[in-house]
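Here the structure comes first, spelled out in structure tokens, and everything after it is commentary.
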Amino acid sequence: MSLQHRSELKRNSGHGAALERLERRLVKAWEAEDGYLIEQLAGMIYDRLVRSEPTQASVVLEQNARRLAQAGKPAEAAELAIRLVRHWREIETRPFDLDRLQQIVLNPLQSQSGVEAARARAMVLEAALAWCRAASVAGTEPPKSQYALLDALVDAYVLCAEWPRAQYQVLCRGGPAERDLAFLDEQLGPHLGNEVERMLARTRFVLFYSLVGNHDAAQALAAAIQEKHPSAPLTNLTSFFVQVLDQSRNADANKRRALRSLVDELRRVYRWAFTLDPELSTLVDDILKARNM
């Protein structure tokens, strides 16, 4: 932060003298290209300004986050950007503004390669997603920017090889099926050992959708799997299971018992799959319990 940005109140007080010292140290840190020290000093200046001059405090974070991102210091840029997002969300209560966040830090980080930049981008995107969700009106369709954030976050997690987190965000995105299958086949798939493991992953996705009550997404993904991988192991199991769950909706007790027997038979036929991946059994049990089956 340059000296010209400080108010006269800060200049003429002991508080202002301390602020000047921090600013001079920040200038030297930039001369030394010490990313960690820049981040720490910018944060300290922000802390001194935020109560009396919140807008100016946010400028400190914004300017230094941008410069750090452009200087190829992604981790430090991310830390300041996360504080900036929190400031906008909690102190200034701004409407969600993805474009501005992209200009400040996300686009510069996107242009950098490597795991560190991807991890930094994921950290900022996580904070942005929380802001976006907090700013959304309950009971309304999420804004398009939220889907863009989820897509970007999935890509960042993939670059970091953070597969559980990537899968979780894909499930949060909730489709469309073509995009889910593209993630499973083109991003996650190459990191799995063989086609059986890839099919187990696809099946787990369908079951997860069923478990959280997103039956439309489960049906759509099962249909996409059937179309693209008709002869793959477990494709028929996935399709049959989704059909059974569809029939169980609004079914009476007798029909639910009959459908439960069919599920048990499917589990016997595909015992090898449930043996290879015990999580399948857990998912099926949880789904049946949720459906009173």
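The values are calculated or read from the model by the stated rules, or taken from the named source; none is laboratory data. Since the model is a prediction, treat every value here as computed from it, not as a measurement. Here Cβ is always computed from backbone atoms with ideal geometry, including for glycine, and neighbour counts include all displayed protein chains.
Criterion first (over 24 Å from residue 159 (Cα atoms), crowded, with 22+ Cβ neighbours inside 10 Å and at pLDDT 95 or above) does residue 80 satisfy it?
Values: over 24 Å from residue 159 (Cα atoms): no; crowded, with 22+ Cβ neighbours inside 10 Å: yes; at pLDDT 95 or above: yes.
No, not satisfied.
If you take the residues in the range 241-272 that are small (Gly, Ala, Ser) and assigned to a helix (DSSP H, G or I), which one is nearest to residue 218 (Cα to Cα)? Give the derivation first.
Going residue by residue through the range 241-272, those that are small (Gly, Ala, Ser) are 248, 251, 253, 258, 261.
With assigned to a helix (DSSP H, G or I) added as a condition, the list becomes 248, 253, 258, 261.
Values: 248: 14, 253: 24, 258: 22, 261: 21 Å.
Only one residue tops the list, namely 248.
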Check off (1) outside the structural domain of residue 227 (by TED's automatic domain parsing); (2) in a helix (DSSP H, G or I) for residue 161 and give me the number that stays unchecked.
(2)
Number of the condition not met by residue 115 [criteria: (1) at pLDDT below 95; (2) surrounded by fewer than 19 Cβ atoms within 10 Å (Cβ to Cβ); (3) more than 26 Å from residue 152 (Cβ to Cβ)]:
(3)
Take residue 5 and decide whether it is touching a helix residue (DSSP H, G or I) at 6+ places or on another chain (Cβ under 8 Å), under 26 Å from residue 75 (Cβ atoms), at pLDDT below 95 and of a type outside the set (A, V, I, L, M).
yes
Every pair of residues 6+ apart whose Cβ atoms lie under 8 Å, when the first sits in the range 226-238 and is in contact (Cβ under 8 Å) with a residue 24 or more places away in the chain while the second is not in a helix (DSSP H, G or I):
234/270; 235/229; 237/270
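Determine if the range 201-222 includes at least one residue that is assigned to a helix (DSSP H, G or I), in the same structural domain as residue 292 (by TED's automatic domain parsing), among the β-branched types (Val, Ile, Thr) and under 16 Å from residue 284 (Cα atoms).
Start the filter on the range 201-222 by keeping residues that are assigned to a helix (DSSP H, G or I), which leaves 201-211, 215-222.
Adding the requirement that they be in the same structural domain as residue 292 (by TED's automatic domain parsing) leaves 201-211, 215-222.
Add one more test, that the residue is among the β-branched types (Val, Ile, Thr), and what stays is 203, 206.
Within this subset, residues satisfying the condition of being under 16 Å from residue 284 (Cα atoms) are 203, 206.
Scanning the range 201-222, I find at least one residue that is assigned to a helix (DSSP H, G or I), in the same structural domain as residue 292 (by TED's automatic domain parsing), among the β-branched types (Val, Ile, Thr) and under 16 Å from residue 284 (Cα atoms), so the answer is yes.
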Kindly evaluate residue 180 against the criterion of being part of a helix (DSSP H, G or I), surrounded by 17 or more Cβ atoms within 10 Å (Cβ to Cβ), outside the structural domain of residue 58 (by TED's automatic domain parsing) and out of contact with any Gly (no Cβ under 8 Å at 6 or more places or on another chain).
yes
